[in-house]
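For reference, the structure discussed in these notes is given below.
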Amino acid sequence: MPNLRSPRRGSMGYWPRKKAKRIYNRVRHWPKSNDSKMLGFAGYKAGMTHVFVTDHNPNSKTKGQHIVRTATILECPPISVFGFRCYTGKISSCDVLAEKLDQNLSRKIRLPNESKTHVQMKKAEGKSIAHVNLLCHTNPPFKKKPEVFEIAIGGPADHQLKFAKDLLGKTVKISDVFKEGDYIDVSAVTKGHGYTGTVKRFGIRVKGRKDEQGHRHIGCHGTNWPGKIRYTVPDSGQGGFHTRTELNKRILKITDGKAVNPKGGIVNYGLVNGDCALIDGSVPGPQKRLIRFRIPMRLMKTVYPTDVQYISLTSKQGR
């Protein structure tokens, strides 16, 4: 007789499958860099398209040929640096805010009544600083309420503080941080599906017609001992709206919206008016959701140049 085997349903690599706390995620880990520069950026998912690129990989079977790649369009409006935060260890010691703040920022956080930039700056210089993060907010093209988050800076602590002072109150473009051909780690909150059952959530087998009316249920919740349900048992619960990070996505092209806008705009999004980035492959999350990306934690050893020959402008159904 053949060996009977029943592999478990659902990957434990994505556990716990719990609901994200907010609609955009936070980056828990940042790569180390010796250069004083921003280690991340953010954009809004507009849609998907396909492009023709020249394959420059010498070990590929399609070397030198034009190949078709799916690409995600991220609209990346300039990010405003409204302050920076100093840390002593893992605890924040002080915040320094810019003198002039965008009034739309008051829709997200409480703004001070008067500017205390000089007082906060002296307080920051008098402390022993472990590292400094930039306080940034987005300028979304389709709503007034911005998203607020931190972006880490590379280099030693004293260089980080000097770099943060130079950027205080200014805006940063995606071309100032990344260039075409760079690899990035993409983080986002996936598309939510609400409360889902075991078949959709874990992909268990649908049972036959004689299984006591439990066709979409699991067969057993566990053994008599221990007298509890283990967390590894596939069960119904939250489906989607999880925080996910995908490693080593590639930036195919950084351009303006005119190069990617189909006639009438992108379905369920509209026209891309500012800078945008074409990311190789898919990206988590639905349209108009904030996508954060950073310099990769596991840098690729070999990087081949990108050569985009054609960008499809045919209208596609939103994904």
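Throughout, read-outs are computed from the coordinates displayed, never taken from laboratory work. These figures come from a predicted structure and were not determined experimentally. Every residue, glycine as well, gets a Cβ built from its backbone with ideal geometry; the counts of neighbours run over all protein chains shown.
Tabulated results
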{"item": "Directionally averaged shadow of the chain, computed from the convex hull of its alpha-carbon atoms, nm²", "result": "24.2 nm²"}
{"item": "Degrees, to the nearest 10: 157-167 long Cα axis against longest axis of the chain", "result": "80 degrees"}
{"item": "All aspartates and glutamates inside 16 Å of Lys18 as judged from Cα atoms, apart from same-chain residues fewer than 8 positions distant", "result": "Asp235"}
{"item": "In sequence order, calculated HN-Hα J values of the range 298-304 (Karplus, 6.51, -1.76, 1.60; Hz; x Gly/Pro)", "result": "10, 5, 5, 6, 10, 10, 9"}
{"item": "Ranked packing of 94-107, 70-83, most packed first, by mean Cβ within 10 Å", "result": "70-83, 94-107"}
{"item": "Net dipole in debye of the range 156-261 [+1 Lys, Arg Cβ; -1 Asp, Glu Cβ; about Cα centre; nearest 20]", "result": "500 debye"}
{"item": "Scattering profile of the range 79-172 at q = 0.17, 0.19, 0.20 Å⁻¹ [log10 I(q)/I(0), Debye over alpha-carbon scatterers]", "result": "-0.71, -0.87, -0.96"}
{"item": "Among 28-41, 237-250, 198-211, 108-121, the order from most to least packed when residues are scored by Cβ within 10 Å on average", "result": "237-250, 28-41, 198-211, 108-121"}
{"item": "Ratio Rg/Rh, restricted to the range 234-319 and using Cα atoms, in which Rh is the Kirkwood radius", "result": "1.01"}
{"item": "Unit charges at the beta carbon, dipole of the range 79-172: most positive-side option, Ile153, Ser115, Gly169", "result": "Ser115"}
{"item": "Cβ-based net charge around Tyr195, under 11 Å, with every Lys or Arg adding one and every Asp or Glu removing one", "result": "+3"}
{"item": "Relative contact order of the chain, pairs being alpha-carbon contacts under 8 Å that are 6 or more residues apart, as %", "result": "29 percent"}
{"item": "Given charges at beta-carbon only (K, R positive; D, E negative), |dipole| of the range 84-194 in Debye", "result": "480 debye"}
{"item": "18 Å Cα-Cα threshold exceeded, pairs from Lys19/Lys143; Lys253/Lys301; Lys179/Lys316; Lys100/Lys288; Lys143/Lys288", "result": "Lys19/Lys143; Lys253/Lys301; Lys179/Lys316; Lys100/Lys288"}
